Structures are given as C-alpha cells and as structure tokens.
Amino acid sequence: MTLSLSGWQKRVLLILAAIAVVALFALAFTAGRVSAGPSYPDAGSADAGFARDMQVHHNQAVEMSMIVRDNVEDETLRSIAYDIALTQQQQAGQMYAWLEEWGLPQSDAQPRMEWMADSGDHGGMEMGSAADAGTMLRPDGLMPGMATEAQLDELRAARGEDAERLYLQLMITHHEAGVDMAAAGAELAETDQVRTLSTKIQSGQQAEITLMQTMLDAL
Amino acid sequence: MNKKRSQENQDRQARLAAIQAQQRAGERKRNALIFGGIGAVILAIIIAVTLVIVNQVQDNRERDALASQPIEGVQEYPDVTFDHVDGPVEYEQSPPVGGDHNPVWTNCGVYTEPLPNENTVHSMEHGAVWIAYNPDIGQAEIDKLTELVGSRSYVLLSPYPGLESPVAASAWGLQLTADSADDPRLVTFLTKYIQGEQTREPGAACSGGLTPPGLAS
C-alpha cells in the first residue's frame, strides 16, 4: 500500500495519532488506579457515620473519666478511668485519621446515627416512642448512653464514694450503648478498619461493663 | 522531425515517470517512518504500562504474603479468657499468654526482677509483647535481649525463674520459645506483634499502670 498523503491528510493523521497516544495514557492511568488504588467509603456510608458518631461517644467517656479522676481517691477506680480515657482517646484518634484518609470532613449535616438505620434490630437499642420518627436518638436529641449536661455537672460536684457510684452508673450506661453502636458498626462496615475496631470495642467494653458492675455492687 | 520530438517526449515522460517513482518511493519511506515511529511509541507505552501493572500486582501480593506469613514455631492459644479479677490467677501457660487478669496493667519496660503475671497479662491485652528469660542464661544473653528490645515501646523484658526454655516471647494468645537471644524469629515476633492484630484493646496504654520493683529502664 502506497500512501501519498497531502498536507492536510498528514496533519489529520498526526492529530489522530496524538489522540491515540492520549487515549492510551488515559487507559493506562485508569488501569493503574483500578488495580492499585484503595476504594474509600463515601460520606453517607456506615463507616463514615461510625467514625464520626463513635468519636463523639468516646470523647464523652474521656471527659467523664478525667472528671472523676480528680475527685476520688480509690486507686482502682482511678486506674480504670485512666485506662478508659487513654484507650478511647487513642481510638478516637484512629477514627479521626480514617476520615482524613478518606477525604471526608469530620463533621456532617446528616443526623447522628442515621447510618445505623439498616442494622438488624436497630442494634438492640432502647428505642421508645422516638423510634417512630425514624431516628435512633433519644427524645432529648442525644445518642443513647450519653450523659446529659446536668449529669456531668452532678459528676463534677460529687466527691469520694458518691463520685465513684455516679461514675460507674453513668459509664455502664455509656458502655452499653457503645457496645450496641459498635455492633452495628461491625455489621454494616465495608472497610476492614471499621469492622476490626468496632468488633474489638464491642468485646472490650463488654468486659469493662462486667468489671464496673462488680465494683458498683461492692460499693 | 516528429520522430525526434516524440522521442524527446518519450524520454521526458520516462524521466518524469522515474522522478515521480522516486518521489513516491521517498514518500513511502517517509510514511513508513512516520507510521513506524507512531507504532513504536504506542508499543513502548503499552509495554511500560504493562510492566507497571505487573510490578504493582507483584508488590501487593508480596505485601499480603508477608503480613499473613506465620512465624515458625509460634503457638496459638485462641480460647483464653479475659475478665478482670483481683487476687492471684492460675494460668495454663507459663509464662501466661492471656486469661483473667488484674484491672491494673504492668508498665512496659526492662525489669531485673520477675513480674506479677496477673498485671502483665493485662499489658499484653493492651498490645505489649512480653519477653521472659530463664535467669540462668547468663548476663551475656540477658544483655543481648536488652539490646534486642532497644528503644521499642510496648514491650516488657523480665527474668522468669523456672522457665522451661531459655527465652519465651509472648503476646496475647501467642507464644514463641527460643534457645537463645540470637534467634532471628524474636525480632520478627516483636515487629509483628507489638500493638499487632492480636491486641484485644487497641489504643490502650502501657504506662500509667503499675511499676513493680526492678525497673531497669
């Protein structure tokens, strides 16, 4: 085949060639991304919802533990509060980092716990009449297990055995809800990180409930 | 006279045809070069992209293989309990690798005296690795173990009188015995299990707990 091309024909051919090269690069890029890149959950996913909401839950457990450590003398209780504070703060840090890695904001317009709506049996949570509204939040708008500001004030003012009792009661309630949320996270997660951590939170906090109940009964 | 002109015409035409043939040949060469060049570029891109993909897939597979590779000789104890109790506990393994334990953990570090089992099991729940040695192995071996620990955090090193093997490295639910501090598997054990996947309470601390007597550093 002899090609005798005129000027414009040659130009067209060169342009077509350039397009072919660009198309090849695009294809190669896609192949690279598809084969090597991780896929991140989106803002509405259960993973993102868990990462946001569980941080809030954890942060309050840290706050309560820091409060009670200053106000009681029992070394065992102070040590438990220390353990809860440090562990949950670090875990909150993990969740913060996931959202950053996923390119998602720490804060979202979505109502808390909406990501849990699909979990079986609504995560076994105490629903009450608010359940009809399709929300898992309490009537006062807080997530289950959270202490109210009034309860926190009570904890701040308490001393000695009163403080120990109040802390254990509040924290057991807090942990029970935490276990439910972690169970939902483990059930609905699409990422390994969320599934692994929520499973460990579930079992770790369940064991802590047992310990705290024993201590409360002994008071 | 006509014959001469027609001969000249013929010659001219022949020369014209020759020049045209030459031109076409030249164009063919040029076209071949252009198409050949484009083809070569495309081929080069395809080869380069294929190499990248193959390399990446290989890397991924290697990384996964490394992570899942078990260390030879590690014993697993998946059924240990984990409740918090006061007082002494009878453990099935020696040194223990899990089970019921004290609510307060042993702070990580290098110790010259034996550690309480009930607190140290809690440390392993937090992700620490415990390297125990029979005190009869001699100072040279003990020094090597101290060097092995180095500046790593979330690790405990302590003498364990009556230990059946010279050295035993434990993490929650896992144990590796070794005949000397030189065993390279000890290094791998530390890297793999310090705050590793076996940690029951990830994020928990190994300080702020109990410091028994004998803390060397």
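Tell me which residues, restricted to the stretch B:135-185, are within 15 Å of B:Q75 (Cβ to Cβ) and among the hydrophobic types (A, V, I, L, M, F, W, C). Of everything in the stretch B:135-185, those that are within 15 Å of B:Q75 (Cβ to Cβ) and among the hydrophobic types (A, V, I, L, M, F, W, C) turn out to be B:L163, B:V167, B:A168, B:A169, B:A171, B:W172, B:L174, B:L176, B:A178.
Of the residues in the stretch B:124-134, how many are within 24 Å of the chain's Cα centre (by Cα) and not aliphatic (A, V, I, L, M)? Show your work before the answer.
As a first pass, look at the stretch B:124-134 and keep what is within 24 Å of the chain's Cα centre (by Cα): B:124-131.
Filter again for not aliphatic (A, V, I, L, M), leaving B:125-127, B:130.
The qualifying residues number 4.
Take B:G209 and decide whether it is within 14 Å of chain A (Cβ to nearest Cβ) and either within 18 Å of B:E76 (Cα to Cα) or among the polar types (S, T, N, Q) (or both). For B:G209, the condition - within 14 Å of chain A (Cβ to nearest Cβ) and either within 18 Å of B:E76 (Cα to Cα) or among the polar types (S, T, N, Q) (or both) - is not met. Filtering the stretch A:146-158 to residues that are open to solvent by 10 Å² or more (accessible area, probe 1.4 Å) and under 30 Å from A:D118 (Cβ atoms) leaves A:M146, A:T148. With respect to the conditions (1) farther than 30 Å from A:Q202 by Cβ; (2) of a type in the set (S, T, Y); (3) open to solvent by less than 20 Å² (accessible area, probe 1.4 Å), B:S180 falls short on a single one, namely (3).
Consider the stretch B:97-111 and keep the residues that are small (G, A, S) and part of a loop (DSSP other than H, G, I, E, B). The one that is nearest to B:A216 (Cα to Cα) is B:G98. Inside the stretch A:137-176, residues that are of a type in the set (G, A, S), more than 18 Å from A:I80 (Cβ to Cβ) and under 19 Å from the mean Cα position of the chain (by Cα) make up a count of 1. Please work out if B:V110 is more than 14 Å from every other protein chain (Cβ to nearest Cβ), open to solvent by 10 Å² or more (accessible area, probe 1.4 Å), closer than 16 Å to B:C206 by Cβ and within 27 Å of the chain's Cα centre (by Cα). Spelling it out, B:V110 is indeed more than 14 Å from every other protein chain (Cβ to nearest Cβ), open to solvent by 10 Å² or more (accessible area, probe 1.4 Å), closer than 16 Å to B:C206 by Cβ and within 27 Å of the chain's Cα centre (by Cα). Note on the stretch B:33-43: residues that are hydrophobic (A, V, I, L, M, F, W, C) and either over 19 Å from A:G7 (Cα atoms) or more than 9 Å from chain A (Cβ to nearest Cβ) (or both) amount to 5.
Out of the residues in the stretch A:70-121 that are open to solvent by 80 Å² or more (accessible area, probe 1.4 Å) and part of a helix (DSSP H, G or I), state the one that is modelled with the lowest pLDDT. Give the steps one after another, and end with the answer.
Of the residues in the stretch A:70-121, the ones open to solvent by 80 Å² or more (accessible area, probe 1.4 Å) are A:70, A:73, A:75, A:89, A:96, A:100-101, A:107, A:109, A:112, A:114, A:118, A:121.
Pick out the ones that are also part of a helix (DSSP H, G or I) and you get A:70, A:75, A:89, A:96, A:100-101, A:114, A:121.
Numbers: A:D70: 95, A:E75: 95, A:Q89: 97, A:Y96: 95, A:E100: 95, A:E101: 96, A:E114: 93, A:D121: 54.
Among them, the one singled out is A:D121.
Here's the yes/no breakdown for (1) under 20 Å from A:A218 (Cα atoms); (2) within 14 Å of chain B (Cβ to nearest Cβ); (3) among the charged types (D, E, K, R):
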| position | (1), (2), (3) |
| --- | --- |
| A:V68 | yes, no, no |
| A:N71 | yes, no, no |
| A:L77 | yes, yes, no |
| A:A81 | yes, yes, no |
| A:T87 | no, yes, no |
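Of all residues in the stretch B:183-217, those satisfying the criterion of being open to solvent by 70 Å² or more (accessible area, probe 1.4 Å), farther than 25 Å from A:S198 by Cβ and without any contact (Cβ under 8 Å) to a residue 40 or more places away in the chain are B:P184, B:T191.
Looking only at the stretch B:44-65, decide whether some residue is surrounded by 13 or more Cβ atoms within 10 Å (Cβ to Cβ), at the interface with chain A (Cβ under 10 Å from one of its Cβ atoms), more than 27 Å from the chain's Cα centre (by Cα) and closer than 30 Å to A:L16 by Cα.
The initial filter retains those residues of the stretch B:44-65 that are surrounded by 13 or more Cβ atoms within 10 Å (Cβ to Cβ), namely B:45-46, B:49, B:52-53, B:56.
Subset that is at the interface with chain A (Cβ under 10 Å from one of its Cβ atoms): B:45-46, B:49, B:52-53, B:56.
Now drop any that are not more than 27 Å from the chain's Cα centre (by Cα), which leaves B:45-46.
If we keep only those that are closer than 30 Å to A:L16 by Cα too, we end up with B:45-46.
The answer is yes, given that some residue of the stretch B:44-65 is surrounded by 13 or more Cβ atoms within 10 Å (Cβ to Cβ), at the interface with chain A (Cβ under 10 Å from one of its Cβ atoms), more than 27 Å from the chain's Cα centre (by Cα) and closer than 30 Å to A:L16 by Cα.
Selection within the stretch B:120-140: residues that are surrounded by fewer than 19 Cβ atoms within 10 Å (Cβ to Cβ) and either within 30 Å of A:T210 (Cα to Cα) or touching a strand residue (DSSP E or B) at 6+ places or on another chain (Cβ under 8 Å) (or both). The member of this set that is farthest from the other protein chains (Cβ to nearest Cβ) is B:N134.
Conditions tested, residue by residue: (1) modelled with pLDDT of 95 or more; (2) touching a Leu at 6+ places or on another chain (Cβ under 6 Å); (3) not in a helix (DSSP H, G or I).
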| site | (1), (2), (3) |
| --- | --- |
| A:A130 | no, no, no |
| A:T135 | no, no, yes |
| A:L152 | yes, no, no |
| A:L168 | yes, yes, no |
| A:H174 | yes, no, no |
| A:V179 | yes, no, no |
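Among the listed residues B:A181, B:A168, which satisfies the condition of being among the small types (G, A, S) and touching a Leu at 6+ places or on another chain (Cβ under 6 Å)? Every option except B:A181 fails the conditions.
For (1) in contact with a Ser or Thr (Cβ under 8 Å, 6 or more places away or on another chain); (2) more than 8 Å from chain B (Cβ to nearest Cβ); (3) modelled with pLDDT of 80 or more, each residue gets a yes or a no:
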{"site": "A:W8", "(1), (2), (3)": "no, yes, no"}
{"site": "A:V12", "(1), (2), (3)": "no, yes, no"}
{"site": "A:A18", "(1), (2), (3)": "no, yes, yes"}
{"site": "A:V21", "(1), (2), (3)": "no, no, no"}
{"site": "A:A26", "(1), (2), (3)": "no, yes, no"}
{"site": "A:A31", "(1), (2), (3)": "no, no, no"}
{"site": "A:A36", "(1), (2), (3)": "no, no, no"}
{"site": "A:S39", "(1), (2), (3)": "no, yes, yes"}
{"site": "A:D47", "(1), (2), (3)": "yes, yes, yes"}
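Scanning the stretch B:153-181 for residues that are within 21 Å of B:P70 (Cβ to Cβ) and of a type in the set (D, E) yields one hit, B:D179. In the set (1) within 14 Å of chain B (Cβ to nearest Cβ); (2) surrounded by fewer than 22 Cβ atoms within 10 Å (Cβ to Cβ), the condition left unmet by A:E161 is number (1). The residue list A:A158, A:A177 contains one member that is among the hydrophobic types (A, V, I, L, M, F, W, C), in contact with a helix residue (DSSP H, G or I) (Cβ under 9 Å, 6 or more places away or on another chain) and farther than 25 Å from A:Y96 by Cβ, which is A:A158.
The values are calculated or read from the model by the stated rules, or taken from the named source; none is laboratory data. Treat the numbers as computed from the prediction; the structure is a model and nothing was measured. Cβ atoms come from the backbone with ideal geometry, glycine included; neighbour counts cover every protein chain shown. Ligands, DNA and RNA are stripped out before the accessible areas are found, and what is left, the full protein with its side chains, is counted by its heavy atoms. Shrake-Rupley method; radii C 1.70, N 1.55, O 1.52, S 1.80 Å.
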